[in-house]
Structure formats: C-alpha cells, structure tokens
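Heads up, the thing below is written out as structure tokens.
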Ligand SMILES: CC(C)(COP(=O)(O)OP(=O)(O)OC[C@H]1O[C@@H](n2cnc3c(N)ncnc32)[C@H](O)[C@@H]1OP(=O)(O)O)[C@@H](O)C(=O)NCCC(=O)NCCS
C-alpha cells in the first residue's frame, strides 16, 4: 500500500447525494464519504431520508477500508465534505464505542443523542394476542391504513385521503372524526428483503394517554404482514431516553439489536483543520 498515492476525488452523478472517494494506486477505493440532506416531518417522528421536508442539516456517511485506517484518510474525506457542504450542520450516526465514535470526538463533533435499534421477528409474534390488541375498542377513534410509495413532500392527513396503491410503505393511523390522532409508518427495503423499518408511532398532543400508540403500532404490525407477506422482521430506532416508547416497544415484543450514537458538527464552530490529519496519506 503506497500511502503517497491517495487522491480524494468527487464522484458525480448521484442524485441528491454528494460522494467523495479516497482512491489509492491502481484505482483501489480506500474510503468513501457521502452527504445527503436530512429530513423531518414534525410530530417528532424520525422518517426515511427520502421523505418529508428538508432541514438545515446534511447526513454524513464515512467509511474507510480497515487496512487503510489510522492514516488520516477519514479526516481527508471529511475535509473534502466540509469544504463543499452548504448546510450549516452535519449529522453522523455511529456505533456506540466504535472507531467512528472516536473519530467524531477527535473532530469535535458533539454527541446529541443515544439511539437504540430494536427488532421484532414475526415468528415470535403471537398473532391471536396481536389481533386482540388491534380489535380493542378505543371509543371515538377509528383505524385507517394507507399503502403506497411515500412522496417527497409528505403530509400524513393527505396521504390518508389519497387512494392506496402498490408501494413500499404502509401507514396506519387513528383519527377522531377525521382529526389525525396517532400514526405509525413502515417502509419495506428492496424487494425480497425480509426487514422493514418502522417510524413512530407518534401520538399527537391532545390525544395522548389513551394507548393510541400501542393500538396503531399493533395494527401496523398486522397490516404490514398482510400487504408484504415475505417480511420476517421490523426494525425500529428509539432515543435511549424515551422510556415511554421503549416500554411500548418491549411490550409489543421488540428486542435489542444494537446501539448507535448521533453526533453533530456545526460548521461555524472552531475545529482542528481536518485535512492536517491526512498529511501522512498524501
Ligand atoms: C471512522 C473511520 C471513517 C475513521 O477513518 P480513519 O481513516 O481511520 O480516520 P483518521 O485516520 O483520519 O483518524 C483521525 C483520528 O480519529 C481518531 N480515531 C480514528 N479511529 C480510531 C480508533 N479506532 N480508535 C481511537 N481513535 C480513533 C484518532 O484520534 C485519529 O487520529 P490518530 O490516528 O492520529 O490517533 C473508520 O474507522 C471507519 O470507516 N469506521 C467504520 C465506519 C464509521 O464508523 N463511520 C462513521 C464515521 S462518522
């Protein structure tokens, strides 16, 4: 491995994502960095990047091949991304206690959230019990479902009014006389992938304390399997300090998969010049 031959090059033609590669001799790609806009829906619900309105932050993806690490390549890729980004904040999600976390701390990223990923496996779901949860009365509320592909501009109320069609998302909601009260969304990965990603449930202010979150979530688990029978499991992400939601997940049968941490970098803040760490890899 000739460390002197590393070049950081921008990779064009990735719609919505900016990519850089660390290219070694013979064109070997030793590492990559990517930036994509992050999205938010309001309602305090984490949603996939392809949906909902854009925020002022970009999500950073950074990866260096294990045999090329600790030579400043990650820092050089980060410097390239920082030089090009228009957003004032970068967000990175890293495994807890990992090299990625050490890297973020060294570059003065700020820890903003600890996240827990949980998994529900359909073979462990007691379907009669799930059916009872879904069928339980919630006076004044009714359940509705929508399926389709999530649009770029997502408004839950509008989706529920539009006709269902084939697609990779299932949305389950509870409303009171047409007033949205709670909802949860799941998105299926590439066709034939056995795992869906669930977002929520979110219960809107004014409707809390009525077990609507548990209700819509149970209904989503049931509906999702009806629409996508090949699914075997559902993954969720929850803030470690959200004890209420974590208890709900456990109650429904989700179990710990892994822990990650969210780090944030504000571009205006003082930082070590990231590129200096890469001098040995030029
Ligand atoms: C995180 C990652 C991109 C770092 O790449 P890298 O090329 O090794 O990073 P650098 O050489 O520029 O490291 C810069 C500094 O970060 C810190 N650091 C990086 N890896 C570390 C580790 N395993 N342990 C402790 N500190 C570490 C060190 O302070 C290092 O400086 P030093 O080598 O002079 O001590 C790489 O480990 C990786 O691909 N990890 C898996 C993916 C990942 O976690 N990505 C998220 C990053 S936001």
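Values in this text are rule-based calculations from the coordinates and carry no lab data. Given the structure is predicted, the values throughout are model-derived calculations rather than measurements. Cβ atoms come from the backbone with ideal geometry, glycine included; neighbour counts cover every protein chain shown.
Arrange 249, 165, 142, 89 by Cβ neighbour counts within 10 Å, fewest through most, would you?
Numbers: 249 21, 165 9, 142 12, 89 18.
Result, fewest neighbours first: 165, 142, 89, 249.
Between the helical axis of 212-227 and the dominant principal axis of the chain, each derived from Cα atoms, what acute angle in degrees is found, rounded to the nearest 10?
The two axes meet at around 80 degrees.
With an 8 Å cut-off on Cα pairs and a minimum separation of 6 or more residues, tell me the relative contact order of region 118-257 in percent.
Numbers: 226 pairs, mean separation 41.5, N = 140.
Normalised by residue count, the contact order of region 118-257 is 30 percent.
Compare 190, 92, 202 in a GNM of the chain, Cα atoms joined below 10 Å, and give the one with the largest fluctuation.
Top of the fluctuation ranking is 190.
Taking neighbour counts of Cβ atoms within 10 Å as a proxy for exposure, in what order, fewest first, do 32, 170 appear?
32, 170
Given Cα pairs under 8 Å that are at least 6 residues apart, what percent is the relative contact order of the chain?
On the way: 560 pairs, mean separation 71.7, N = 282.
So the answer I get is 25 percent.
Once the Cα atoms of helix 73-84 and of the chain are each reduced to a long axis, what angle between those two axes, in degrees from 0 to 90 to the nearest 10, is obtained?
Between the helix axis and the principal axis of the chain, the angle is about 70 degrees.
Given the DSSP H assignment, sum -39500 (n - 2.57) over each helix run of at least 4 residues in the chain and divide by its residue total; what's the result at 222 nm in deg cm²/dmol, nearest 500?
Helix-only estimate at 222 nm: -6500 deg cm²/dmol.
Fewest Cβ neighbours within 10 Å first, please rank 210, 110, 71 accordingly.
Values: 210 17, 110 13, 71 21.
Ascending number of Cβ neighbours within 10 Å: 110, 210, 71.
Would you mind checking the tilt of helix 243-252 against the longest principal axis of the Cα atoms of the chain, expressed as 0 to 90 degrees and rounded to 10?
Orientation of helix 243-252: about 60 degrees from the principal axis.
Modelling each spin label as a point 7 Å along the Cα-to-Cβ direction, I'd like the residue 93/residue 243 distance in nm, to one decimal.
In this crude label model, residue 93 to residue 243 measures out at 2.5 nm.
I need the semi-axes of the equivalent ellipsoid of the chain: take the C-alpha gyration tensor, multiply each eigenvalue by 5, square-root it, list largest first in whole angstrom.
Result for the chain: semi-axes of 40, 19, 18 Å.
Using only alpha carbons, build the gyration tensor for region 118-257 and give me the equivalent ellipsoid semi-axes, biggest first, whole Å. List each step's numbers first, then the result.
Values: eigenvalues 84, 74, 42 Å².
Taking √(5λ) for each Cα gyration eigenvalue gives 21, 19, 15 Å.
Go ahead and set up a Gaussian network model of the chain, Cα springs under 10 Å, then flag whichever of 95, 192, 80 fluctuates most.
With Cα springs under 10 Å in the chain, the top fluctuation among 95, 192, 80 is at 192.
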